[in-house]
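First the structure, in the form of structure tokens, and then the observations on it.
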Amino acid sequence: MRILQVISSFPPAYSYGGALKTAYEISKQLVIDGHNVTVYTTDVYDENSRIDFEENPIIVDGMEVYRFRNISNKLAYKNFPIAPSMAKSLKKNMHKFDIIHLHEYRSFQAILIHYYSKRNNIPYLIQPHGSTINIMGMSKLKNLFDITIGHKILKDASKVIALNERECNIIKKFNVNPSDIKIIPNGISLSEFSNLPDKGNFRLKYGIKKHENLILYLGRIHKIKGIDLLVRTFAKLVNDNIILVIVGPDGGYLQEIKKIVEEFGIKDKVIFTGPLYGSKKLEAYIDADLYVLPSIYETFPSTVLEACACGTPVIVTDNCGISNIVNQNLGFKVRYDEISLKVAIQTMLNNNKIRLNAVNNAKNLLKTRFNWIKIVKELENIYFSEISNNRNSR
């Protein structure tokens, strides 16, 4: 198959969240399975810089990656990147593809894919990665997008890929035919965790003693992540044997979190590292006694799976899209409140049996349910089916 993957940010632009990693892993596995994969993305890197781009594609793990000029990094970092030059390339090259996999919803690029795929009669799948929800930030603009074009982008897709039942129910509210929605979870590349760094490197680097319990948050520092709840809860737990480490790029909420830390007088117990990638990120997971993701809303956080792959138990709020999988298997799910989170943290840190059970369960679950090889096979079957249906309908 000749497959076009479309996403506005792509590795190494990791500050833009987890969807780009998913698009990369899917594309890489598709290449391994023998398919011809092209990626259309933009030149965004982070809030202040771009990735160099050329007219010709670069080859990344066997896939052709085209980076198109984004007109405003400020807009891009507010989740609305615009790359007009992508339109010219789509107009010229759309006929070369058998199917398109779109990894975003409210974007200029999504509008382009909808237009050119309909014009050229090329089927496309859309995987919103949780972006169909409208709970904070630019709600009026999001509603306007949904009413004018968004509902058409979803309804005209050959298939809409939801990450879980919760996202499936949100998509149904756009009047998408339930039979056109498929639930396929994100996965994890187990090979990345086959040769983990030694324990102790992260603690040594940041002066954290062996006897101190290390609670880790890793992800974007954004209001929706609920980090303020974690800090307030941590302030009630703080003692000589516990440290909170917050890892990740600023998503517009870093100064607010630092202000809360100041107000509670716990600066000496909270460490901000900034974003960490590769082996440095793995070192943080490995040295943590507990990973906490206290989100206000989360569709499918890959960080939870990453922590589990490093042998670190997890706690998530019941707002997390995989909280039912986590609960009793990989750790605890809790209500979004300080009391519930405090009790769960204390229980996990003080009960080695529960911690060991979570670690052992994670090994089996990651192999059987969240393996990219298995997940991409499901996608391939959908691709083949939609290409066949499209040809038969001509």
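Since every read-out is calculated from the coordinates, none of them should be taken as a lab result. Everything numeric in this text was worked out from a predicted model, so none of it was measured. Here Cβ is always computed from backbone atoms with ideal geometry, including for glycine, and neighbour counts include all displayed protein chains.
Numbers at a glance
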quantity: Per-pair calculated FRET efficiency, R0 = 22 Å: Arg2 and Ser393 via Cβ, rounded to 0.05; calculated: 0.70
quantity: Centre separation in Å (Cα based) which lies between segment 29-90 and segment 260-337; calculated: 30 Å
quantity: Between 0 and 90°, nearest 10: helix 108-120 axis offset from the chain longest Cα axis; calculated: 30 degrees
quantity: Peptide ranges 225-238, 339-352 listed from the most packed, as the mean C-beta count within 10 angstrom indicates; calculated: 225-238, 339-352
quantity: Inter-label distance for Ile58 and Glu192, nm, one decimal - labels placed 7 Å from Cα along Cα-to-Cβ; calculated: 1.8 nm
quantity: Positive-pole candidate from Thr41, Ala87, Gly62, dipole of segment 13-90, charges at beta carbon; calculated: Ala87
quantity: Efficiency of FRET from Cβ geometry, Asp268 and Arg119, R₀ 56 Å, rounded to 0.05; calculated: 0.40
quantity: Helix-derived mean residue ellipticity, 222 nm - over the chain, DSSP H n ≥ 4, -39500 (n - 2.57), to 500; calculated: -12000 deg cm²/dmol
quantity: Packing rank of 205-214, 304-313, 367-376, where each peptide gets the mean count of other beta carbons within 10 Å, highest leading; calculated: 304-313, 367-376, 205-214
quantity: Point-charge dipole on Cβ atoms (K/R +1, D/E -1) for segment 82-171, about Cα centre, debye to 20; calculated: 400 debye
quantity: At R0 = 22 Å, FRET efficiency that the Cβ-Cβ distance of Asn371 and Asp337 yields, to 0.05; calculated: 0.05
quantity: DSSP-loop GluC sites (Glu not before Pro) across segment 1-70, with at most 13 other Cβ within 10 angstrom; calculated: Glu54, Glu55
quantity: Cα long-axis angle, helix 372-392 against the chain (0 to 90 degrees, to the nearest 10); calculated: 20 degrees
quantity: Added length on full extension, which subtracts the Cα-Cα distance from 0.36 nm per residue, Lys209 to Glu165; calculated: 11.7 nm
quantity: Asn241 versus Asn327: modelled label distance in nm, points set 7 Å from Cα along the beta carbon direction; calculated: 3.0 nm
quantity: Arg50 paired with Gln346, simple spin-label distance in nm, labels 7 Å along Cα-to-beta-carbon; calculated: 5.4 nm
quantity: Point-charge dipole on Cβ atoms (K/R +1, D/E -1) for the chain, about Cα centre, debye to 20; calculated: 660 debye
